[in-house]
Amino acid sequence: MPIQLLEHADSIRRAIAPGITLKRKSALGQFMTPAPVARFMASMFPPSTLTKCKLLDAGAGVGALTCAFLDRWATSDGFSFHDAQIDAYEIDPTLRAHLNRTLARYLSRLPVSYRVVPDDFIEAAAIQSLAPRRYTHAILNPPYKKISSLSSHRMILRQVGIETVNLYSAFVALALSLMKPGGQLVAIIPRSFCNGPYYRPFREYLLNRAALRHLHLFASRTTAFKDDDVLQENVIMRLECAGVQSNVTVSNSTDDSFSDLVTHEQPFDRIVFPDDVDKFIHVPTSLGYNAIELSKGVLFPLLENAA
Ligand SMILES: C[S@@+](CC[C@H](N)C(=O)[O-])C[C@H]1O[C@@H](n2cnc3c(N)ncnc32)[C@H](O)[C@@H]1O
């Protein structure tokens, strides 16, 4: 019977999340991923023939995302790693204690080693970004919080060439900077980065360093973190570090049951219009043309392999 510790992590999340004050939740962006979303995110990684996996979970909370990833490996679903090394960054000591205990339970069951790192990920990663790239996989639900223009985070990020306004985009940019070419990054983040003017440098950073492989959109704004009453549109994206851009898989579902999951392939120039200096990222919810495309008179061939 393959090990499944995601349910265990999820039961910890449900037990402790109601006790975290709203103040602390907002200060540290502690909106943890429910099991169905974590499982879906882990399923978005392509099959891999690598024998060594190096996984990054930045802002790991109680470990739902790492558990979802390791549980997928345990079922031999597309991963043939001989061993995996995990770096899980978590700044909160209470969550870290749970994270440590949960990850320890994998040691006797999978050829895995792990480090639970107590450091501030922004500070640690900014230093490491000068070192060689190394992660093969990253799975992230980063904290969401504005970075004020005079904060030390803003200064540190600027020093490593990352100009951004929120912790979530900083986490994704830094994680990408720590990956090997070909490395796969899956992250759930607010949709605001797709077209907010302040996120233009972040979009350019991503699109210059990675290929966008998959975007998933929830139809309901309350879906992904409904236990926390978070009213925000989220997207899940998969990026391939240094990949060559081709078609993008676009999927959507009403909610985290994924019972009405629809998936289709879109040409990249339907996602980012070729003449768009702002590099807005569009998430078409169907193969039909939207109002912007029609108003621009843009016509793209429909793909035959649409599911
Ligand atoms: C949105 S929660 C997600 C937790 C977990 N990844 C999940 O999906 O359930 C973000 C986590 O990042 C942690 N965090 C916030 N700021 C951090 C920082 N600067 N460095 C490392 N971890 C941080 C928070 O304590 C929180 O547990």
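The values are calculated or read from the model by the stated rules, or taken from the named source; none is laboratory data. Everything numeric in this text was worked out from a predicted model, so none of it was measured. When we count neighbours, we look across all protein chains shown, and the Cβ atoms used for this are built from the backbone with ideal geometry, even at glycine. The accessibility values were calculated without ligands, DNA or RNA, using every heavy atom of the protein model including side chains. Shrake-Rupley method; radii C 1.70, N 1.55, O 1.52, S 1.80 Å.
Compute the length gained on full extension between GLU7 and ASP269: take 0.36 nm times their separation in residues and subtract their Cα-Cα distance, giving the result in nm to one decimal.
On the way: separation 262, 0.36 × 262 = 94.32 nm, distance 3.92 nm.
Between GLU7 and ASP269, full extension yields 90.4 nm more.
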Could you give the dipole magnitude of region 102-165 about its Cα centre, charging the beta-carbon of Lys and Arg +1 and that of Asp and Glu -1, in debye to the nearest 20?
-> 200
What value, in deg cm²/dmol to 500, does the helix sum -39500 (n - 2.57) over DSSP H runs of n ≥ 4 give at 222 nm once divided by the residues of the chain?
-> -9000 deg cm²/dmol
Could you list the square roots of 5 times each eigenvalue of the Cα gyration tensor of the chain, that is, the equivalent ellipsoid semi-axes, sorted largest first and rounded to whole Å?
-> 29, 22, 20
Given the candidates ALA84, LEU178, GLN159, the one whose Cα lies deepest towards the positive end of the charge dipole of region 81-195, counting +1 at each Lys or Arg C-beta and -1 at each Asp or Glu C-beta, is ALA84
Provide the gained length on full extension for the span ASP120 to HIS82, in nm with one decimal, where the gain is 0.36 nm per separating residue minus the Cα-Cα distance.
-> 10.7 nm
Percent carbon-and-sulfur accessible area, region 6-296, ignoring ligands, DNA and RNA, probe 1.4 Å | 55
Can you tell which of THR102, THR94, THR263 shows the greatest fluctuation in a Gaussian network model of the chain with Cα springs below 10 Å?
-> THR94
Sorted by average packing, counted as other Cβ atoms within 10 angstrom per residue and highest first, what order do 42-55, 203-216, 175-188 take?
-> 175-188, 203-216, 42-55
Between GLY243 and residues 5 or more places away or on another chain, which pairs have amide H atoms under 5 Å apart, with H built 1.01 Å from N, and which residues are they?
-> GLY182, ALA211
Phi angles of region 111-125, converted by Karplus (6.51 cos²θ - 1.76 cosθ + 1.60, θ = phi - 60°) into ³J(HN,Hα) in whole Hz with x for Gly and Pro, give x, 10, 10, 8, 10, 9, 9, x, 6, 5, 4, 4, 5, 5, 6
Using a simple spin-label model with points 7 Å from Cα along the Cα→Cβ vector, what separation in nm is obtained for ALA104 and THR254?
-> 4.3
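What percent do you get for the relative contact order of the chain when only Cα pairs under 8 Å and 6+ apart count?
Details: 599 pairs, mean separation 44.0, N = 307.
It rounds to 14 percent for the chain.
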Please report how many Lys pairs in the chain have alpha carbons closer than 16 angstrom, counting only residues at least 8 apart along the chain or sitting on separate chains.
-> 8
Order the peptides 15-21, 264-270 from the highest to the lowest mean number of other Cβ atoms within 10 Å of their residues.
-> 264-270, 15-21
With the other protein chains left in place, how much accessible area per residue, in square angstrom, belongs to region 6-296 at a 1.4 angstrom probe?
-> 41
Spin-label model distance (nm) - LYS146 vs ALA27, 7 Å beyond Cα toward Cβ = 1.9
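With charges set only on the Cβ (+1 for Lys and Arg, -1 for Asp and Glu), what does the dipole of the chain come to about its Cα centre, in debye to the nearest 20? Don't skip to the answer; put the middle values down first.
Working: 32 positive and 29 negative charges, 157 e Å.
About 760 debye.
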